[in-house]
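Student: One structure, pasted below without further comment.
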Amino acid sequence: MAWRYARWTAEHALPIGVAERRDVGTPVRAGDVVGAGATAGNAVRLAGARRLGIAAADLARVLRVSVGSEVVRGTVLARTGRRFARTLSAPTDGRLMHLTADGDLYFAPIAARWIVRSTLDGEVVRSDDACVAVAGAAWGLSGLAAYGPDAVGELALGVDAPTAELQPSRLDVRLGGRILVGGARIGAEAITRAHACAIAGLVAGAAPAAGLRVVYGNAITAAGSATRDDSPTVLCLVGFGTAPLPREVFAPLAALAGSRAAIHASSARLFVFAPADAGDFAQDAPDLTLASDYGAVRPLANGRATAGEARFASEVTAEALRCGGEVIPTANVMPFDAER
């Protein structure tokens, strides 16, 4: 099954430094902030007890903020005396990290702030410092890999046919904030152009690996995610290089254009928030296969038959299938929605 309407769960990992997060049971919509916080830089040591003229054991008593608190520049961290007061203030916006046994403080400046948004309409079913999980109903489509941050926006068509390549000339600022559906291929130039036009995400059969490296550099990981969060999210549904989309996958994408949608990058899934009766989309998509012994992934046509053992160009003998005059290793065939 390719498309299906179901209750999904999307887990949103939280970076270190959580300041706030949604509680379990809270209703949310795709795009709502479910977690926020700050990333701390390298901690510096501040003279505490010596600066204030007190014993190291007394520093905790005169602290005005608790260890772990985030403060703004100039906030009084500790104070002694009244008429002739001595104070210790925060040198920058940051977080009080640690109080040493000899009466000093470790203070870390704020390097960056971050927010995490939900990719589902639903409710929070898990909330801790590591993850916020949201469960909700939507049309869902599983892909091969996603690159970039989670994306939320209106679904829009960028091609006229599932075998077409998304051309950079079709991208402009009027599509900003949308998730654009490509065809068989999205090149590096189209991804770069989408970034310039503030397009939220791109969905297609495939993208060339070399093009992804041009955009994301060495940030790409084996899991198919990227550490950069300033580029549009790219969701490859079938493979890499060029891979035409099956009709059973592209037709619902075209029919659901105009609906709110989201890409959950860590699970490489596209969610579309349309009614369960929006269309007859829950159809079996054709299996996928390599075009040759070493080739691009493509949908496998119907009418296959067992071909027994065969020897291939890689000099490997294996069980094979015959499909339309082509002999394919059985191991190279998998369901469209298989865990890949």
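Student: Please sort 171-179, 23-31, 151-159 by packing, taking for each peptide the average over its residues of neighbouring beta carbons within 10 angstrom, highest first.
Tutor: Highest to lowest by the protection proxy: 151-159, 171-179, 23-31.
Student: What is the packing order of peptides 51-59, 3-11, 142-150, taking the mean over residues of other C-beta atoms within 10 Å and listing the highest first?
Tutor: Descending packing order for the listed peptides: 142-150, 3-11, 51-59.
Student: Rounded to the nearest 0.05, what FRET efficiency do Ala161 and Ala198 give with R0 = 25 Å and r taken as the Cβ-Cβ distance? Could you check?
Tutor: The value I calculate is 0.45.
Student: Stretch Val33-Arg7 to full length: gain in nm at 0.36 nm per residue minus the Cα-Cα span?
Tutor: Difference between extended and current length: 7.3 nm.
Student: Sum up the charges of everything whose Cβ sits under 13 Å from the Cβ of Val181, counting Lys and Arg as +1 and Asp and Glu as -1, but leave Val181 out.
Tutor: Net of charged neighbours comes to 0.
Student: What residues of segment 7-24 lie in the reach of a label at Asp93, counting those whose backbone N is under 19 Å from a point 7 Å from the Cα along Cα→Cβ?
Tutor: What the label zone holds, given the 19 Å backbone N cut-off, is 15-21.
Student: On to the next question. Taking K and R as +1 and D and E as -1, what net charge do the other residues with C-beta under 13 Å from the C-beta of Asp102 add up to?
Tutor: Local net charge: +1.
Student: Under 17 Å from a point 7 Å along the Cα-to-Cβ line of Ala56: which residues of segment 66-99 have their amide N that close?
Tutor: Within reach of a label on Ala56, which here means backbone N under 17 Å from a point 7 Å along Cα→Cβ, segment 66-99 contributes 98-99.
Student: FRET efficiency for Trp114 and Arg83, Cβ-Cβ distance as r, R0 = 41 Å, nearest 0.05?
Tutor: 0.40
Student: Something else now. Which percentage, to the nearest 5, of the DSSP beta bridges contained in segment 95-214 is antiparallel?
Tutor: If I count the DSSP bridges inside segment 95-214, around 55 percent turn out antiparallel.
No value in this document is a laboratory result; all are computed from the given coordinates. Just so we're clear, the structure is a prediction, and the values are computed from it rather than from any experiment. Using ideal geometry, Cβ is built from the backbone for each residue, glycine included, and neighbour counts are taken over all protein chains shown.
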